[in-house]
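Asks: One structure coming up, written as structure tokens, with questions to follow.
The values are calculated or read from the model by the stated rules, or taken from the named source; none is laboratory data. Keep in mind it's a predicted model, so treat the numbers as computed, not measured. Virtual Cβ from ideal backbone geometry, glycine too; neighbours counted across all protein chains shown. The protein model used for the area step is the full one, side chains on, heavy atoms only, and it has no ligands, DNA or RNA in it. Shrake-Rupley method; radii C 1.70, N 1.55, O 1.52, S 1.80 Å.
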Amino acid sequence: MSLSTQLLTMLSMITGGLSTGVMLDTFRRFSPYWKNRRIMVYVMEIGFWFTQTLLLFYILFLVNGGEIRLYIVLACLLGFSFYQAILSNSYKKLLEHGIRLALVIYRFFSRLVQIFIISPIKGILYVIYAVLVWLLKLFASVLFFILAIILKPIQWLLRGLYQLLPKKVQRFLLKIAGFYSTIKNNLRKVWNRVSWKRR
């Protein structure tokens, strides 16, 4: 390995250590969102360190073909330590500002979507629903009106036939009608009691 390659490798590993520190602080900042899920914690921790290891090795592979030596590990630790000692606090503050800015932008666009997309769609759907209900009521009214017109002559005919029946038959039909009316009233009372108990 030539001197220039060794120098480039050390600089790359120092930078890799710095980036590892940055990614670790970022990861720790968001880790409270899944800390109560034990399986999720294990998965995220393993995934994070596996990804970081692959990234460092990929950088090392691009620089010197993937050769690992002691000074390379020390250079990576140097970059990580330098970040923790000098840059960590500043980056955490910058990260918090970035998160707050991202939340403000997200809320702004969320409000815009709510005002210009979701609310108009809700209004349109409400109007469509109201129109459909009105049309349904209109259709039902027209249907009942037509049925009333059709059934009215039949009702007159039945009343005329009823008047022509003998008195005994009329009294018998009245008893049957009263019997069914009693059954109907009793069933209605039972239904009302059951409905009241459910409440």
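Asks: Along the charge dipole of the chain, pointing to its positive end and built from +1/-1 on Cβ of Lys, Arg, Asp and Glu, which listed residue (P166, L3, M13) has its Cα farthest out?
Replies: It is P166, whose Cα lies furthest towards the positive end.
Asks: Quick one: which residues, 5 or more positions from W34 or on another chain, have an amide H under 5 Å from its amide H? H modelled 1.01 Å from N in the peptide plane, none for Pro or chain starts.
Replies: Result for W34 returns nothing.
Asks: Post the alpha-carbon centroid distance, the stretch 36-57 to the stretch 75-97, in whole angstrom.
Replies: Rounded to whole Å, the Cα centres lie 20 Å apart.
Asks: Just the accessible area for K137, please: 1.4 Å probe, Å², rounded to the nearest 10?
Replies: Ignoring ligands and nucleic acids, K137 comes out at about 130 Å².
Asks: Positive end of the dipole of the chain, charges at C-beta (+1 Lys, Arg; -1 Asp, Glu), about the Cα centre: which of N64, Y106, G123 has its Cα farthest in that direction?
Replies: Result: G123, furthest along the dipole toward the positive end.
Asks: Build a GNM of the chain with springs between Cα atoms under 10 Å: which of Q155, Q52, Q84 gets the top mean-square fluctuation?
Replies: Greatest mean-square fluctuation among the candidates belongs to Q155.
Asks: Evaluate the charge dipole of the chain about its Cα centre and quote only its size in Debye, nearest 20, assuming +1 on the Cβ of each Lys and Arg and -1 on the Cβ of each Asp and Glu.
Replies: Details: 26 positive and 4 negative charges, 596 e Å.
For this selection, approximately 2860 debye.
Asks: In the structure shown, do any of K167/K189; K137/K175; K152/K175 have a Cα-Cα gap over 29 Å, and if so which? List each step's numbers first, then the result.
Replies: Details: K167/K189 33 Å; K137/K175 37 Å; K152/K175 24 Å.
From the list (K167/K189; K137/K175; K152/K175), the Cα-Cα distance tops 29 Å for K167/K189; K137/K175.
Asks: Restricting to Cα pairs below 8 Å that are 6+ residues apart, what does the relative contact order work out to for the chain? Please round to a whole percent. If you can, show how the numbers build up before the last one.
Replies: Working: 75 pairs, mean separation 52.2, N = 199.
Relative contact order, the chain: 26 percent.
Asks: For the stretch 41-90, what does the convex hull of the Cα positions come to per residue, in cubic angstrom?
Replies: Working: hull volume 5.1 nm³, N = 50.
In the stretch 41-90, the Cα hull volume divided by residue count equals 103 Å³.
Asks: Using a 1.4 Å probe, how large is the accessible area of E96, given in Å² and rounded to the nearest 10?
Replies: The accessible area of E96 comes to roughly 60 Å².
Asks: Now a separate question. Starting from the Cα gyration tensor of the stretch 9-84, take the square roots of the eigenvalues, sort them a ≥ b ≥ c, and report rounded, prolate or oblate (rounded when a/c is under 1.5, otherwise prolate if a/b is larger than b/c, else oblate). Mind showing how you got there, number by number?
Replies: Values: a/c = 3.23, a/b = 1.94, b/c = 1.66.
The shape class here is prolate.
Asks: Can you give the three extents of the C-alpha atoms in the chain along their principal axes, from longest to shortest, in whole Å?
Replies: 127, 37, 33
Asks: At a 1.4 Å probe, what is the % contribution of carbon and sulfur to the accessible area of the chain? Don't skip to the answer; put the middle values down first.
Replies: Details: 12120 of 16540 Å².
Looking at the chain in its full context, I get 73 percent from C and S.
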